[in-house]
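The values are calculated or read from the model by the stated rules, or taken from the named source; none is laboratory data. Keep in mind that this is a model prediction, so the values were computed, not measured. Here the Cβ positions follow ideal geometry from the backbone for every residue, glycine too, while neighbour counts run over all protein chains shown.
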Amino acid sequence: MLKRLFALVAVLLLLTGNAFAVAGAASEDDRQSGLTGSLSDMNGKRIGIPIGTNFDKIVENALPDARLSYYNSQSDLLEALSADKIDAFPSDEPVIRYIMGENSSVSYLPEYLDTFEFAYCFARTEHGRKLCGEFSEFLDRLAADGSLDALSDKWFSGDESEKTMPEPESLPATNGTLVMATDGDYMPFEYVRDGKVVGYDLDVAVQFCQEYGYGLKIELMSLDAVLFAVQSGKCDFGGSALTITPERMESVLFSSPNYHGGTVLAVLKNKALLSQGEADFWGRIKTSFSKTFVREDRWKLFVSGVRATLQITVLAVLFGTLLGFTAFMLCRNGNPAANLIARFCIWLVHGMPVVVLLMILYYIVFNSVAISGLAVAVIGFTLTFGAAVFGLLKIGVGAVENGQYEASYALGFSNRQTFFRIILPQALPLVLPAYQGEIVSLIKATAVVGYIAVQDLTRMGDIVRSRTYEAFFPLISITIIYFLLEELIGFLTGRISVGFNPRHRKPADILKGVKTDD
């Protein structure tokens, strides 16, 4: 295991070194060139679009010949820009100005692609209309007395230490608790700092809840899931720098705007984006390690993500094994009804991607049930793992010769005794390697649970990347952690499987209950 780990780390460090070298290979002319051209020069260029936004429509209207490609997050877009995979990406001017403060290689074209208004969204229900009216009244009052401008000045400029807000946990909740859906990955509107979600949108929401007597619970999720979470009723409202559009207004209600601004194109004026900081390779590694783990105690985010990943994996393996074994026992003697139901369920589970299954469970099946995303993830992966166990048992038991049954019946064993004492011990060694492989696949499959508001290891890595604005070290760290988890789970299941393998059983255990002195 250690040899494999060292080999993996060496390969990843080599790849990182090559990436740093490429990033630092720009000429001095490139470093000093700065910006040239205008918005019209970007027509026909490669433009990156963040998923879950309406930026694609804005770019298509302003630059009809642009070639669009889609990315999951702001940090992915920034990495693609620095790697010359795209020529620009659209974003809101305050966000780009914030990124420019962190990376001097990034700038933006001064012309607006479009102007916009941000607002909070609510479900088209009686409860949603009530909240939307209260929120709009609150925002109109803040805009009239200048408080909204003061909040934007605080979050969009100035020292990070001055960007404070009331704690959501301190709210009295005399009128109940509201659940807010947000991405947590769009500085300075919402982001994670010191393990807590902060930002302009959050500050406004907390102050609203404080005035109207509500408690507030934050649900982090992917941006493209925010509107759906509100529309389905899983969350009371959403606030994630949401642009008001006619199409969105057909699905949700919008409050009065909480921010007016413009969309710009971010471009790279310095091709040495990743070569900021120390000039030497190990110096950059040290800086990346500090940014990823040490600053703001971000290592705690990884620990929290590992905990969630392990919880889902362990519980899904336990419950999935029990489910698959129970279903097999009901079907093994040819019960027509049980076999029909089992075949249909397995066909249904295997026929859709895991992320789709999780979203159907979270937003549709358990739409009106107060259940956490973690619990839904356990249920979803229990179904998929149970289906896998059912199939493995069917293959393993089917591989045992029929003569084993006949011999057991001839010796007076019942059907149940034959299965548990004769057939199953021979079938288990055949399926255990595949069973271990299913567990390893399950660990990696949990990376999609961020779509249902679960902060697993991958999602926490995305949050860290959104704060550090670099991809290499966080992604390498996540890779190593997943590798360690897979090795740990594989080792534990391997040790447990020894007890089920007849080849590793002691003679005394094999002959238990058998008279050998006759």
> Out of all the residues in region 320-331, is one or more at pLDDT 90 or above and more than 20 Å from residue 423 (Cα to Cα)?
Replying inline: yes
> Which of the following residues is among the hydroxyl-bearing types (Ser, Thr, Tyr) and touching a residue at least 60 places away in the same chain (Cβ under 8 Å): 147, 152, 161?
Replying inline: 152
> Listed residues 325, 413, 319, 344; which is within 27 Å of residue 456 (Cα to Cα) and of a type in the set (Phe, Trp, Tyr)?
Replying inline: 319
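Please specify each residue of region 116-136 satisfying the condition of being without any contact (Cβ under 8 Å) to a residue 12 or more places away in the chain and not small (Gly, Ala, Ser). Can you show your working first?
Taking region 116-136 and keeping what is without any contact (Cβ under 8 Å) to a residue 12 or more places away in the chain, we get 126, 130, 133.
Within region 116-136, 126, 130 qualify.
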>> Looking only at region 446-460, how many residues end up being closer than 21 Å to residue 367 by Cα and of a type outside the set (Val, Ile, Thr)?
In response: 4
>> I'm trying to understand the selection: among the residues of region 75-115, which are more than 13 Å from residue 265 (Cα to Cα), in contact (Cβ under 8 Å) with a residue 24 or more places away in the chain and of a type outside the set (A, V, I, L, M, F, W, C)?
In response: 75, 76, 79, 82, 84, 85, 98, 102, 103, 104, 105
> Quick one: in region 338-360, which of the residues that are more than 18 Å from residue 443 (Cβ to Cβ) and in contact (Cβ under 8 Å) with a residue 40 or more places away in the chain is nearest to the chain's Cα centre (by Cα)?
Replying inline: 359
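Here's the yes/no breakdown for (1) closer than 23 Å to residue 311 by Cα; (2) out of contact with any Gly (no Cβ under 6 Å at 6 or more places or on another chain); (3) surrounded by fewer than 20 Cβ atoms within 10 Å (Cβ to Cβ); (4) not assigned by TED's automatic domain parsing to the domain that holds residue 447:
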{"residue": "340", "(1), (2), (3), (4)": "no, yes, yes, no"}
{"residue": "369", "(1), (2), (3), (4)": "yes, yes, yes, no"}
{"residue": "377", "(1), (2), (3), (4)": "yes, yes, no, no"}
{"residue": "380", "(1), (2), (3), (4)": "yes, yes, no, no"}
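Residue-wise test of (1) part of a helix (DSSP H, G or I); (2) closer than 18 Å to residue 225 by Cβ; (3) out of contact with any strand residue (DSSP E or B) (no Cβ under 9 Å at 6 or more places or on another chain); (4) polar (S, T, N, Q).
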residue	(1), (2), (3), (4)
348	yes, no, yes, no
380	yes, yes, yes, no
384	yes, no, yes, yes
389	yes, no, yes, no
397	yes, no, yes, no
400	no, no, yes, no
417	yes, no, yes, yes
> (1) touching a helix residue (DSSP H, G or I) at 6+ places or on another chain (Cβ under 9 Å); (2) under 24 Å from residue 322 (Cα atoms); (3) of a type outside the set (S, T, N, Q): which one isn't true of residue 420, the others all being true?
Replying inline: (1)
>> Can you find a residue that is under 20 Å from residue 73 (Cα atoms) and polar (S, T, N, Q) anywhere in region 107-122?
In response: yes
>> Tell me the residue from 141, 124, 97 that is within 30 Å of residue 45 (Cα to Cα) and in contact with a helix residue (DSSP H, G or I) (Cβ under 9 Å, 6 or more places away or on another chain), please.
In response: 97
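In this structure, is residue 62 at pLDDT below 95 and touching a helix residue (DSSP H, G or I) at 6+ places or on another chain (Cβ under 8 Å)? Spell out the reasoning first.
Working: at pLDDT below 95: yes; touching a helix residue (DSSP H, G or I) at 6+ places or on another chain (Cβ under 8 Å): yes.
Yes.
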>> Tell me the residue from 392, 432, 428 that is crowded, with 17+ Cβ neighbours inside 10 Å, more than 21 Å from the chain's Cα centre (by Cα) and at pLDDT 90 or above, please.
In response: 392
> Which of (1) under 17 Å from residue 116 (Cα atoms); (2) of a type in the set (Ser, Thr, Tyr); (3) more than 20 Å from the chain's Cα centre (by Cα) does residue 240 not meet, given it meets every other one?
Replying inline: (3)
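Per-residue answers, yes or no, for (1) within 13 Å of residue 254 (Cβ to Cβ); (2) touching a Leu at 6+ places or on another chain (Cβ under 7 Å); (3) not assigned by TED's automatic domain parsing to the domain that holds residue 240; (4) not small (Gly, Ala, Ser):
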site	(1), (2), (3), (4)
97	no, no, yes, yes
102	no, no, yes, yes
110	no, no, yes, yes
137	no, no, no, yes
142	no, yes, no, yes
150	no, no, no, no
> How many residues does region 81-95 hold that are touching a Phe, Trp or Tyr at 6+ places or on another chain (Cβ under 6 Å) and under 18 Å from residue 224 (Cβ atoms)?
Replying inline: 1
> Only one of 399, 377 is within 39 Å of the chain's Cα centre (by Cα) and within 30 Å of residue 354 (Cα to Cα); which?
Replying inline: 377
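Filter region 148-177 for residues that are part of a helix (DSSP H, G or I) and surrounded by fewer than 14 Cβ atoms within 10 Å (Cβ to Cβ); which is nearest to the chain's Cα centre (by Cα)?
Only one residue fits best here, namely 169.
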